[in-house]
Amino acid sequence: LDFPVVSGNVSLYNETNGAAIPPTPTVGAIGILTDYGHRAGFGGMKAGHELLLVGEGRGELGASLYLREILGRDDGAPPTVDLAAERRNGDFVRTLITSGRVSVVHDLSDGGLLCAAAEMALASNIGVRLNEDSGLPIHAALFGEDQARYMLAVPHAAAAQIAHDAGSAGVVLARIGLAGGTDIVVEGVLTLSLE
């Protein structure tokens, strides 16, 4: 990935209060933010912003929050890592941020698509409406923790050009919804008020 790794640790045998906990591989790396004015967070969505999903989802649920919190399980392999996709998607999103074209971004790691959308909605105090049509089982589509994925909230007028640029860069991108209202909605599946 061509970035400085300054430390790392892999603890395979861990215990807390006499009970085993999962192995914890950790990598410490450093990045430089050259212009603080061109940074991103997951708050700041506005009504009418279009939601774009960067990266391919396969609905990977192994070792996920969904498995642990909903099903009470901790089994399964973590998501498959594709370093080329990680680099390509990360570089694409970072370029959008540093160029000032995008300022609202959330990675889709812990909890997947629905958790990221909810965190963005709560941080922005505005609802979201998602149109999930990946063809995956709905729980896998909403909670899969596939790597190298990001959700962007952009002005509607910018969405088509960003989608075009993603295609030119070989980045998978889907237009998946809109910001607005006071609810978190997945069309045909659920409606939750921000409150």
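The values are calculated or read from the model by the stated rules, or taken from the named source; none is laboratory data. As the structure is a computational prediction, the values presented were derived from the model and not from experiment. Quick reminder, even Gly has a Cβ in these numbers, built from the backbone with ideal geometry, and neighbours come from all protein chains shown. SASA here: full protein model, heavy atoms, side chains in, ligands and nucleic acids out. Shrake-Rupley method; radii C 1.70, N 1.55, O 1.52, S 1.80 Å.
Tell me, what % of the accessible area of region 15-86 is carbon and sulfur with a 1.4 angstrom probe? Walk me through the numbers on the way to the answer.
Numbers: 2740 of 4830 Å².
The value for region 15-86 is 57 percent carbon and sulfur by accessible area.
Under the criterion of Cα pairs below 8 Å and six or more residues apart, the relative contact order for the chain equals 30 percent. For region 34-94 versus region 154-169, the spacing of their alpha-carbon centroids is 18 Å.
Helix content alone sets the calculated 222 nm mean residue ellipticity of the chain: runs of n ≥ 4 DSSP H residues at -39500 (n - 2.57) each, divided across all residues, give -7500 deg cm²/dmol.
Given a 1.4 angstrom probe, I'd like the percentage of the accessible area of region 126-191 that is carbon and sulfur, rounded to a whole number. Present the calculation step by step, with values, prior to reporting the outcome.
Numbers: 1660 of 2950 Å².
Solvent-exposed carbon and sulfur of region 126-191 make up 56 percent of the total.
Figure legend: label point modelled 7 angstrom from the Cα of residue 158 along Cα→Cβ; residues of region 77-100 with amide N under 15 Å from it are 92-100. For region 60-195, the alpha-carbon radius of gyration amounts to 1.06 times the rule-of-thumb value 2.2 N^0.38 Å expected for a compact globular protein. Accessible surface calculations at 1.4 Å, restricted to protein heavy atoms, place the chain at 57 Å² per residue.
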